[in-house]
Amino acid sequence: MAETFLFNIAERIVEKIVGLTVDEVRLAFNVKTDLKKLEDTMISIKAVLLDAERQQHQNEKLRLCMRKLRDIFYDAENVIDDFKCEALRKQDAINHPDISNLKVRVLGSCCLPLSFSLKTSHKIKDINGRLGELATEWNSFDLRQYSDNRHVFRRETISFVHSSDVIGRDEDKENIISMLMKPNEDQNVPVIPIVGLGGLGKTTLAQLAFNDDRVTSLFPLKIWICVSEEFDLSRLLKLIIQSVNKGERCDDSTLDALQARLRSLLNDKKFLLVLDDVWNENKAKWVELRNLLRSIDGLPQSKIIVTTRSLKVASIMSSICPYELKGLSFEDCLTLFAKWAFNDGDERRYPNLIRIGEEIVKKCKGVPLAVRTLGSLLFQKTDESDWIYIRESEIWSLEQHENDILPVLKLSYNHLPSHLQRCFAFLSLYKKDEIYLSEKVIRLWMANGLLEHPKKNQEWEDVGKRYLNELLSRCLIQKEEDFHLNFTFKMHDLVHDLALDVSQRQCKIVNSKTKTVDESVRHLLLCDNLVEVPRVLEKLEQVQTVIVRNSSTRSNFFVQSLINLCVSNFKYLRALELRDSQLRALPNSIGTLNHLLELDLARSEYMRELPRSFYKLYCLQSLNLGATSLKQLPDSVQRLIELRHLVITIEAKHLKEIRAGCWTSLQYLELYNCFELECLPEGMQYLKSLRTLFMSNCHGLVSLPRNLKFLTKLEHLQIVRCHRINLKMELEEEEDKDLQLSLKTFSLFGLHALRDLPRLLLQGSSSTLQHLRITLPEGIDRLTNLRELRIHGCPELSKRYRENGGEDWHKIAHIQKVDIYY
């Protein structure tokens, strides 16, 4: 398996070394020189890694050397992360000088820091030594510096297709032809984008339309250009000229000469131009070609078809809503499969094979190229065992040729930026057909260091959202349901196969049938009917992620055994998810997992308290204690100063006061099922970084504190089924009138006692509020920046605010999008 992530890992290690503060470096004895040596070596290796990634496919020795390098890189990153963990431990000891810490300072002030110092110094020297041992072999490959442009093999397509070879696209063809025959509405040439996953048949659909007699009659001149990855103006002009005037040579022509020649060939001509397989996301390059085409006389009667895998490409090239191609029906897939697996009519002789074939076709999930690939593999094979083998095998493990489904899909992966490749591969950790939650995926990416460093005025979560939007745009994931602040999405089974193929055995789904696990595995998903922790996991040491599915079916003993394994073997564990578990208490040893960044214990309904060592999870960024049975949130949680995401359920009426200096990085706070909670904690004003505040099923909550006005970064406030709450919050002080807040969304559902709105918060956010989801209040007409309003399940209100005849319509007429559901 190819090593394709090394450049990204090396880049991150260098960033971390450079980012170490003077005080952090001083935590280890005499390591400054060794750290500098490590940094220089990493920079030197990184410079040629992209070339190495390209050459490894033809060089087995290089590939094995890169695998050794990968293991060293991961160890180096762990050591650099040790500095941050130790710095946080030291800071915690200063901030909380309790008795136990006093003992450490008095009895072991030399011992503990010296122990860390010596161990870390030795580890860095060891890593430098291992890199030195590998240097001779590495240098022998004579690698060169390479720019970070993802390499995509150029595909060649032609305009012709036998319509008899195409199954199930008649309706799509008619839709495209209808768009071609529609009169142009302005002087600009219409661009019709056909968008979809690789292998769906975008090129085939364009070919069907291109060769239809009606289209030929409508467009006397038809031009087919396979663009592929190189969207170069000079190259495209030459291809168009050579397509129009067969045999014309223009290889040495200047750009001006090419433009003039194209005008002379196309002036006063009505033409159809197909730009097939477009990847270019640089708008300036498209504008160059578009402006040239606009200068041609007669253009308004012409049209352009673009096929692409990217919604972003479609939006750059066209203002028309893209034609998003869907998969074939099961019946059409079965017909296509039989066409490729048998000679005409032979399928009727093998009903037993057709029954197996139906199961094989289901694996393809409507993608015709996948159907063709598997059908071709079985052509003229009538032994039932061959068919069963294909049925039981993962598509990514089957032998395939250049134009089969996996290589074609892999073009989409190859075209991803390096930072997105690792994030995409990580999604193979989930099972097929699983629904992904966007915010959960982003937190796991964060925990495993897969995100680029945020730019100015951005947070890590913003980077994760951008990554998901890029994957959506490239049709590698599909959005299922949008909840405004987050969304769910799915991944096509074939794309999941691609993710498995490129994940380099680092992600592993473990069930009761699992017999072996590669020692290089770093991310584990435990699922199905496991009753005990598999012994095969005991040899693993590099695991960074552990997720347990269906924890409610596992015994407390199973979960305790798993945690013990994590503590003993997975010293650098970054993420642990134990949702719905039977866990009654975390062991005190959990505090040794000081590299843990993500801990999800949601719906562990038997858990009533946290261990005393919990504060030692110094690096923890995300903690989900929702729907547990905690009586109160212990002080140890407030000591976790790196927390960014916190979900709480407690049985108490009051939360402990938030102290100054605590939770200064907190972005998201959710109070869930705190049935007895009467008020938010004192000290809310200290949560200066808070962007989302969510309260749900807090039935005892009666009001919001006025100190929320100090949360100037708060963007999203949502209150759901808090039946007693009164939100009245008037302007009481002179400075309240000039308050500058940042609320963008404000959502209120199921608030039975609601009579007023917090005027203080709304007026302070009058220039930022974009989405209000609520029973409508007085003064809504003053929210001039409001862009979206939904009224749901309020029949009387809906009548008053409807557009035609509603007595209060004028109050919301300025809002761009109003959705009213009766």
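Tabulated values for the structure
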read-out: Apportionment of accessible area to carbon and sulfur, segment 544-592, percent (1.4 Å); value: 52 percent
read-out: Cross-link table 479/688; 61/539; 16/36; 381/432, entries beyond 21 Å C-alpha to C-alpha; value: 479/688; 61/539; 381/432
read-out: Karplus-derived 3J(HN,Hα), 6.51/-1.76/1.60, for each residue of segment 653-664, Hz, glycine and proline x; value: 7, 9, 8, 5, 4, 7, 8, 4, x, 8, 6, 6
read-out: Accessible solvent surface per residue of the chain, calculated while the other protein chains remain in place, 1.4 angstrom probe, Å²; value: 46 Å²
read-out: Normalised contact order of the chain, rounded percent, pairs of Cα under 8 Å and 6 or more residues apart; value: 6 percent
read-out: Unit charges on C-beta of K, R, D, E only; dipole of the chain, Debye; value: 1100 debye
read-out: Viscosity 1.002 mPa s, temperature 20 °C, Stokes-Einstein D of segment 670-822 from Kirkwood C-alpha radius, µm²/s; value: 133 µm²/s
read-out: Where N is the number of residues in segment 289-446, Cα Rg divided by 2.2 N^0.38 Å; value: 1.37
read-out: Subset of 173/326; 616/653; 326/490; 173/222 violating a 24 Å alpha-carbon distance limit; value: 616/653
read-out: Gained length - residue 790 relative to residue 186, 0.36 nm times residue gap less alpha-carbon distance; value: 214.0 nm
read-out: Size of charge dipole - segment 215-305 - debye, nearest 20, with Cβ of Lys, Arg +1 and Asp, Glu -1, no other charges; value: 400 debye
read-out: Nearest-20 debye value, segment 234-370 charge dipole, Cβ charges on Lys, Arg, Asp, Glu; value: 240 debye
read-out: Modelled FRET efficiency - R0 25 Å, residue 556 with residue 515, Cβ distances, 0.05 increments; value: 0.40
read-out: Kirkwood estimate for segment 330-404, i.e. one over the average of 1/r between Cα atoms, Å; value: 12.1 Å
read-out: Integer Hz, Karplus 6.51/-1.76/1.60 couplings in order for segment 158-166, x for Gly and Pro; value: 10, 7, 8, 8, 7, 4, 5, 7, 9
read-out: Helix-only mean residue ellipticity at 222 nm for the chain, each DSSP H run of n ≥ 4 adding -39500 (n - 2.57), per residue, nearest 500; value: -12000 deg cm²/dmol
read-out: Sequence-separation-based contact order of segment 330-404, relative, with Cα cut under 8 Å and 6+ spacing, percent; value: 39 percent
read-out: Contour excess over end-to-end distance, with Cα ends at residue 730 and residue 568 and 0.36 nm allotted per residue; value: 52.8 nm
read-out: Segment 679-822 - percent of accessible surface contributed by carbon and sulfur, probe 1.4 Å; value: 45 percent
read-out: Scattering curve values for segment 173-324, log₁₀ I(q)/I(0), Debye with Cα scatterers, q = 0.18, 0.21 Å⁻¹; value: -1.12, -1.55
read-out: Kirkwood Rh and Cα Rg combined as Rg over Rh, evaluated for segment 129-252; value: 1.18
read-out: Virtual spin-label span in nm between residue 753 and residue 326, 7 Å along Cα→Cβ; value: 4.8 nm
read-out: Low-density loop cleavage sites - chymotrypsin sites (Phe, Trp or Tyr not before Pro) in segment 298-405, where at most 15 other Cβ are within 10 Å (DSSP); value: 379
read-out: In segment 585-629, GluC sites (Glu not before Pro) in a DSSP loop with at most 16 other beta-carbon atoms within 10 Å; value: 605, 609
read-out: Translational diffusion of segment 519-648, µm² s⁻¹ [Kirkwood Rh, Cα pairs; Stokes-Einstein; 4 °C; 1.567 mPa s]; value: 88 µm²/s
read-out: Net lengthening on full extension, residue 164/residue 807 (0.36 nm per residue, minus Cα-Cα); value: 225.5 nm
read-out: Karplus 3J(HN,Hα) series, Hz, for segment 313-322 with 6.51 cos²θ - 1.76 cosθ + 1.60 (x for Gly, Pro); value: 4, 4, 5, 5, 8, 8, 8, 7, 4, x
read-out: Given charges at Cβ of Lys, Arg, Asp, Glu: the chain dipole, positive-most of 136, 500, 191; value: 136
read-out: Leading residue at positive end of dipole, the chain (Cβ point charges), from 389, 458, 336; value: 458
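The values are calculated or read from the model by the stated rules, or taken from the named source; none is laboratory data. Nothing here was measured: the structure is a model prediction, and the numbers come from that model. All Cβ positions, glycine included, derive from the backbone under ideal geometry; neighbour counts span all protein chains shown. Surface areas here come from the heavy atoms of the whole protein model, side chains and all, with no ligands, DNA or RNA. Shrake-Rupley method; radii C 1.70, N 1.55, O 1.52, S 1.80 Å.
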